Number of protein chains: 2
Amino acid sequence: MSSVTKNVEFSEAPNPATLIGAEREAAVFNPETMNYFLEGSKEKSEEVKKFIQQMERDPILAASPKVYDLTKEEQRELTAQKINRVSRYIEVESFDELERRLSLISVFDPQLHTRIGVHLGLFLSCVRGNGSFEQLNYWALTKEAAYVKNIYGCFAMTEIAHGSNVAGLETTATFNEENDEFVINTPHIGATKWWIGGAAHSATHAAVYARLIVHGKDYGVKTFVVPLRDSNHDLMPGVSVGDIGAKMGRDGIDNGWIQFSGVRIPRFFMLQKFTKVTAEGKVTLPPNNQLSYSALLGGRVVMVKDAFRWSSRVITIALRYAVGRRQFKASKAGENDKENQLLDYPLHQRRLIPLLAMTYAFSNGSNVLQELSHKTMDELDDAVAEDDKAGIDKGIEAMKSLFVASGSLKSTCTWLTLSTIDQCRQACGGHGYSAYSGFGKIYNDWAVQCTWEGDNNILGMSIGKQLVKSISSVLRDGQNVTGILEFLTDSKKYLNRDVILQNEDMNDTRKVLHAVEVAIIRASNQALTTLDAHGEDWDFIGANLVQLSKLLAHFFLLKAFLDKVDSIEEKELVPVLDKLAQLYSATIILEEFSGIFLTYSVVSTESISILTDQHIPKLCKDLRPHVIPLTDSFQLSDMMINSSLGSYNGDIYENYFKIVKEANPPFNHKAPYSTDLEAMLNRPSQEDRQRHEYSDEAEEILSK
Amino acid sequence: MSSVTKNVEFSEAPNPATLIGAEREAAVFNPETMNYFLEGSKEKSEEVKKFIQQMERDPILAASPKVYDLTKEEQRELTAQKINRVSRYIEVESFDELERRLSLISVFDPQLHTRIGVHLGLFLSCVRGNGSFEQLNYWALTKEAAYVKNIYGCFAMTEIAHGSNVAGLETTATFNEENDEFVINTPHIGATKWWIGGAAHSATHAAVYARLIVHGKDYGVKTFVVPLRDSNHDLMPGVSVGDIGAKMGRDGIDNGWIQFSGVRIPRFFMLQKFTKVTAEGKVTLPPNNQLSYSALLGGRVVMVKDAFRWSSRVITIALRYAVGRRQFKASKAGENDKENQLLDYPLHQRRLIPLLAMTYAFSNGSNVLQELSHKTMDELDDAVAEDDKAGIDKGIEAMKSLFVASGSLKSTCTWLTLSTIDQCRQACGGHGYSAYSGFGKIYNDWAVQCTWEGDNNILGMSIGKQLVKSISSVLRDGQNVTGILEFLTDSKKYLNRDVILQNEDMNDTRKVLHAVEVAIIRASNQALTTLDAHGEDWDFIGANLVQLSKLLAHFFLLKAFLDKVDSIEEKELVPVLDKLAQLYSATIILEEFSGIFLTYSVVSTESISILTDQHIPKLCKDLRPHVIPLTDSFQLSDMMINSSLGSYNGDIYENYFKIVKEANPPFNHKAPYSTDLEAMLNRPSQEDRQRHEYSDEAEEILSK
């Protein structure tokens, strides 16, 4: 560093756009075609593009860097205007179209997504899931709630002292036979409805989860439509609401608390698809209570798609930056070489390219889950509508499988996305910390996905439990398993400790998939043994259950990935997709869960060593030239990405500087608090301010 | 869930305070005494307490939940007022006192800490590190910068296109012999000074890193004091500054950008402790350039202490919540049992108690590092002042050891703290997402610590490189190693693959410490072999180097922990401290790095299996009863913790509700945007709004 270079050369300005452009030019596949793979088909790809263009042009819906400077109050006001705008699209669109539009809105305006989602996805889903056909028809269509009109619903499930444990909720709905009414009541602070999105200022009605109490008997938690505000938006008698205020993210949502003090609603405001209460107080209970908790299922499916879209957004930013940014010289560079592109460092490749591969795995996994969900829900709805008992039973089985798939995927993919966001931010160095890079807001908005609609640990344990119960039924009761867990049926064959995946099979992703099955089988069986040893104490094996759930999610994602690659028409995409599948399975599955693969001898220590030291670096290097086309393939427009570091043109520094200057005009280089600051800096001497009372002179006088 | 309970019982309100109080009552040691261990001594413990009380009472400095609702502008104004207030303490305190005060301020007001830290810790440290004694004396004392008076300095090192690679900075300082001046210039956008804390609105002077160019020769990057604003706070000619705006966190800091366009400064504004330029343009270069980059070292040491304090804050919140909160019944609970305390679930114990143990490890690790730093810096300063060549050489060696220790600890501890914050937030479920829990702001404020003052990956690689170079010098050149890496001197003995840690030794923390040494030796040796195989390409082994740096940090932390436990006077603390050391080494070291310990046969597969399935759960269970006293031992007052969920009295729900209501008075249940919202909900029918133009009637007319 203290060496003297020859002559002064005014060095050239960096030109990241050229670097990115050159890699784009060298693409060996068409990113538009690759998008068919990601969205599931050419038709869906084109539809998505159409929606993006429409919203990009919409003066109210389009995102911009301005969002990074809005206060909570400004965010809420803007969000209200956007809800209004979306309501006009809803009036003229099919439900499928709306679903796809919302999935895109989620990427660039998650709080708007949630605000609409709470009303349509939670409030109305609750009415659909728990109400009779006539009740749904009344609230959704006659009252026009389906168009965000007259009614804006909120979902009053959680209480301040009860989140995950729905069955333990303490709000009561007591039947009053005399008036043919229910009285909704919050018995104490712990039962205060809490976190209720839209309750603080917006909601007119709430889907309230409360204990049904009839003639002194507690029938457990049921659902009720409770008006909160009248058509003048004034609070109904007995209803107290408040704003729960600032949050880590999603400040555009007015989450609130609600306390009910003897609030009276007509008996027929209870949602009674399953549980019914007659005017005389006769209670009919549902055949299977699981049916009535399905309101959260749809949300979990959506969140897996969100995981794909959000991961695609952040990995695009980080990879464009990693290609455009130079820093340090390569360790083997000559004296005259320029600084190296970040992504040419093996460590940087290893930090980011596996996350790109994982995002590709998320894409088809979320598509397959969504199809499974639509099919299952529709079939069950039909069976219930036709009162087809066999159909209902079959539907409940399918729902259980959907519960397992969506639960393991929701928890696993939301966690992975959270860490992906943070990894991508860190990979952009200091600039990742600027609000305008987008990462901060993205992280803060995303974080809640790991907690809401099923806390990831609780969900993971519950899925793991299904796995252990299923393997128990196979091994001990000789039963077969269907649905997503079907592979467990063969468990007996794989309980020994034979090595399943040899060194030379690491790139054979079908063999890796089989290795994942075997790892799940052996780890589930071990968990079952530990469970026995601890007297059926499921809590004791909690950590194991969560691990099992994660592995199951990867099984689902890898299978969906491989199936799609097998069936894809655009064969020119297969070589690079195959590499992505290899890297995903090598890093996010085999390396990440090497503890399990090693403990149960599914792979050997030597293989894991080769995997880490040779195989993964090579795959990263092979994929390195394709990262720009692979991120372009997500087809996210600059409006969707909304980042100072991630624009398509790659002109990082110019874009970034322009955004910063527009948001913070440099003419204002004196702050509002400048007077305070200047007064401090130019303050009189300490002696003066002490009125010279601490002086030798004073001492002489005062000590006399 | 559909079972009917006997009779309606208005259930009791939750009472978390009682639960926490009971565990406090049952403490087997005195938390005040335990604090001596954490702070290093009884004296330090009492001093910390005194500072906390003083700041708690200070009307300007004390933190409150209000901070979670402040806008960026409000944060900046408040921070300016706080700087002013702190400047009055600085006038009457010793440097040691100030250092301890700032370390505490960091916990409850990190942006204030940074604002003061940039001026005293970066600007003045740069002057101290690179300026002559007379230069330091002039700027710090004559001009009173040391008291935040007349001068408010910023640290203009990074540029928009250069962060970590200081040697590649492109701002120029060209000597003009005619006027005996330097001309400071920003050649292009890439060299724009960026991220400069205080530059946007506050700084009067900058310590500028720029290429020294004399008579056409480039002498590399040196440091210069450049006035930015005059005493009227108006920008100097040629100086352009702007606000870089919103950030992920720390919005109270006015980070700015600076462009210099031919800014002239007198020659003697160059800091010339080492490099000197005469009036004739004769340049004397320093004996060793490393000396002049020490401005960041002090910050790294501080950040390890920060890691301790911040981790102690979040783990206190999460553990008090985990003890006070009940959710679900235990899997083995009877029908009449209450819901279980979160921390009684083995999974929850495993999520949090290892982080508590780790925080205890951070405490003495940071104390030892701080002592090492003080000693090293003072000795080197003395040697330089006395022009003692041998002393300077010895000092440089000591600085290298300090660089290794502080670099590995800074990167490792800041990463671990970041994930600890997120783990603690997630462990508080939905309530962790409320801004008033503190986690959101804490995470956002902390995140930058992984990037600034040495990006963790860059730093990790550089420390790993020192390790590999050192082992090479031992194995290939037969040299000895001193300082923190001394244990490498014995490397030859441990290169075989003998198992070092047996099953029965897992609780013998001294043996674990030795196992860590051996793991470092074997992994460094392997990295050296890979390096050879890849033609000395250091970049190729980047990931391995970062792992080595992390292991080294844990070696340092565990050693400091064990040494302190051995020497502690309060022997009654030893049993619980011993358990904490065991759990820290079992989870954060052995389990986390099991890949390395297994690959190099330092432990056996069987041992890791026992560790995970039996040993760790048992340690968590053993420590479970002590968590409340162990968190009380941090002696963080409610002001310091500043969380709705973490107050000492444990009355979670009442505290939380009170804070929410105060910040968001429920009387305001109509939002400012209510009119918009009501207009949307009560909008006329679609037909009306379409002026009935889409009707059958219109069709009949229009189709004629």
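Give B:HIS615, B:HIS669 a once-over and let me know the one that is of a type outside the set (Ser, Thr, Tyr), in contact with a strand residue (DSSP E or B) (Cβ under 7 Å, 6 or more places away or on another chain) and buried (at least 16 other Cβ atoms within 10 Å of the Cβ). Quick ask: steps written out before the conclusion?
Numbers: B:HIS615 fails: in contact with a strand residue (DSSP E or B) (Cβ under 7 Å, 6 or more places away or on another chain).
Only one candidate passes the filter, namely B:HIS669.
Restricting to segment B:417-428, name every residue that is surrounded by fewer than 24 Cβ atoms within 10 Å (Cβ to Cβ) and either more than 25 Å from B:SER549 (Cβ to Cβ) or of a type in the set (A, V, I, L, M, F, W, C) (or both). Write out each step before concluding.
Step one: list which residues in segment B:417-428 are surrounded by fewer than 24 Cβ atoms within 10 Å (Cβ to Cβ), which gives B:418-419, B:422-423, B:426.
Result: B:LEU418, B:GLN426.
Condition check ((1) touching a residue at least 24 places away in the same chain (Cβ under 8 Å); (2) of a type in the set (Asp, Glu)) across all residues:
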| position | (1), (2) |
| --- | --- |
| B:LEU583 | yes, no |
| B:ALA586 | yes, no |
| B:VAL602 | yes, no |
| B:SER609 | no, no |
| B:PRO625 | yes, no |
| B:ASP632 | yes, yes |
| B:LEU636 | yes, no |
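I'd like the full set of residues that are within 8 Å of chain B (Cβ to nearest Cβ), of a type in the set (Gly, Ala, Ser) and not in a loop (DSSP other than H, G, I, E, B), limited to segment A:144-176.
Listed by number, the residues that qualify are A:ALA167, A:GLY168.
Could you grab me the full set of residues in segment B:382-433 that are more than 20 Å from the chain's Cα centre (by Cα) and of a type in the set (Asp, Glu)?
Matches in segment B:382-433: B:ASP382, B:GLU386, B:ASP387, B:ASP388, B:ASP393, B:GLU397.
Which residue is farthest from the other protein chains (Cβ to nearest Cβ), if the candidates are limited to segment A:15-39 and must be at pLDDT 95 or above and not in a helix (DSSP H, G or I)?
The extreme case among them is A:ASN30.
Please state which one of A:VAL208, A:VAL225, A:VAL214 is surrounded by fewer than 24 Cβ atoms within 10 Å (Cβ to Cβ), outside the structural domain of A:THR451 (by the TED database), under 24 Å from A:GLY129 (Cβ atoms) and of a type in the set (A, V, I, L, M). Before the answer, list the steps.
On the way: A:VAL208 fails: surrounded by fewer than 24 Cβ atoms within 10 Å (Cβ to Cβ); A:VAL225 fails: surrounded by fewer than 24 Cβ atoms within 10 Å (Cβ to Cβ).
From the options A:VAL208, A:VAL225, A:VAL214, the qualifying one is A:VAL214.
So A:SER132 clears everything in (1) among the hydroxyl-bearing types (Ser, Thr, Tyr); (2) surrounded by fewer than 23 Cβ atoms within 10 Å (Cβ to Cβ); (3) within 13 Å of chain B (Cβ to nearest Cβ) except one condition, right? Which one?
If we test A:SER132 against (1) among the hydroxyl-bearing types (Ser, Thr, Tyr); (2) surrounded by fewer than 23 Cβ atoms within 10 Å (Cβ to Cβ); (3) within 13 Å of chain B (Cβ to nearest Cβ), just (3) comes out false.
Take the residues in segment B:440-460 that are in a helix (DSSP H, G or I) and facing another protein chain (nearest Cβ under 7 Å); name whichever of them is farthest from B:ILE105 (Cα to Cα).
So in segment B:440-460, the residues in a helix (DSSP H, G or I) come out as B:440-450, B:456-460.
Now restrict to residues that are facing another protein chain (nearest Cβ under 7 Å): B:440, B:444, B:447-448, B:450, B:457.
Working: B:GLY440: 18, B:ASN444: 17, B:ALA447: 17, B:VAL448: 17, B:CYS450: 19, B:ASN457: 27 Å.
Filtering segment B:440-460 for residues that are in a helix (DSSP H, G or I) and facing another protein chain (nearest Cβ under 7 Å), the one farthest from B:ILE105 (Cα to Cα) comes out as B:ASN457.
Identify the single condition in (1) more than 23 Å from the chain's Cα centre (by Cα); (2) within 14 Å of chain B (Cβ to nearest Cβ); (3) buried (at least 20 other Cβ atoms within 10 Å of the Cβ) that A:GLN582 does not satisfy, given that it satisfies every other one.
(2)
Just one of the numbered conditions (1) more than 8 Å from chain B (Cβ to nearest Cβ); (2) aromatic (Phe, Trp, Tyr); (3) touching a Pro at 6+ places or on another chain (Cβ under 9 Å) is not true of A:TYR648; which one?
All conditions pass for A:TYR648, except number (3).
From the list B:LEU545, B:LEU495, pick out the single residue that is touching a Ser or Thr at 6+ places or on another chain (Cβ under 9 Å) and either under 27 Å from B:SER363 (Cα atoms) or more than 14 Å from every other protein chain (Cβ to nearest Cβ) (or both).
B:LEU545
Among the residues of segment B:682-704, is there at least one that is without any contact (Cβ under 8 Å) to a residue 40 or more places away in the chain, at the interface with another protein chain (Cβ under 9 Å from one of its Cβ atoms) and β-branched (Val, Ile, Thr)?
no
What are the residues in segment A:203-231 that are within 8 Å of another protein chain (Cβ to nearest Cβ) and closer than 26 Å to A:ILE253 by Cα, if any?
Step one: list which residues in segment A:203-231 are within 8 Å of another protein chain (Cβ to nearest Cβ), which gives A:204, A:213, A:216-221, A:231.
Answer for segment A:203-231, where residues must be within 8 Å of another protein chain (Cβ to nearest Cβ) and closer than 26 Å to A:ILE253 by Cα: A:THR204, A:SER231.
Within segment B:519-539, count every residue that is surrounded by fewer than 23 Cβ atoms within 10 Å (Cβ to Cβ) and more than 16 Å from B:SER472 (Cβ to Cβ).
Number of matching residues: 1.
Would you point out the residue of segment B:481-522, among those that are within 16 Å of B:ILE608 (Cβ to Cβ) and either assigned to a loop (DSSP other than H, G, I, E, B) or touching a strand residue (DSSP E or B) at 6+ places or on another chain (Cβ under 8 Å) (or both), that is modelled with the lowest pLDDT?
Per the stated criteria, the residue is B:ARG497.
Out of all the residues in segment B:306-350, which are among the aliphatic types (A, V, I, L, M) and assigned to a helix (DSSP H, G or I)? Explain how you work it out, then say what you get.
In the first step, residues of segment B:306-350 are kept if they are among the aliphatic types (A, V, I, L, M); the result is B:307, B:314-315, B:317-319, B:322-323, B:330, B:333, B:342-343, B:347.
Once the filter is applied, which keeps residues that are among the aliphatic types (A, V, I, L, M) and assigned to a helix (DSSP H, G or I), segment B:306-350 yields B:ALA307, B:VAL314, B:ILE315, B:ILE317, B:ALA318, B:LEU319, B:ALA322, B:VAL323, B:LEU342, B:LEU343, B:LEU347.
Across segment B:208-222, what is the total count of residues that are touching a residue at least 60 places away in the same chain (Cβ under 8 Å) and within 19 Å of B:GLY190 (Cα to Cα)?
Matching residues across segment B:208-222 total 3.
Being in contact with a helix residue (DSSP H, G or I) (Cβ under 9 Å, 6 or more places away or on another chain), assigned to a helix (DSSP H, G or I) and more than 27 Å from B:LEU297 (Cβ to Cβ) is true for just one of B:LYS66, B:LYS50, B:LYS82. Which residue is that?
Working: B:LYS50 fails: in contact with a helix residue (DSSP H, G or I) (Cβ under 9 Å, 6 or more places away or on another chain); B:LYS82 fails: more than 27 Å from B:LEU297 (Cβ to Cβ).
Testing whether each residue is in contact with a helix residue (DSSP H, G or I) (Cβ under 9 Å, 6 or more places away or on another chain), assigned to a helix (DSSP H, G or I) and more than 27 Å from B:LEU297 (Cβ to Cβ) leaves just B:LYS66.
Mind checking which residues of segment B:651-666 are more than 9 Å from chain A (Cβ to nearest Cβ) and either of a type in the set (D, E, K, R) or more than 20 Å from B:ALA322 (Cα to Cα) (or both)?
Listed by number, the residues that qualify are B:ASP651, B:LYS658, B:GLU662.
The values are calculated or read from the model by the stated rules, or taken from the named source; none is laboratory data. Bear in mind the structure is a predicted one, so any value in this text is a computation, not a measurement. Every residue, glycine among them, receives a Cβ derived from its backbone with ideal geometry; neighbour counts consider all protein chains shown.
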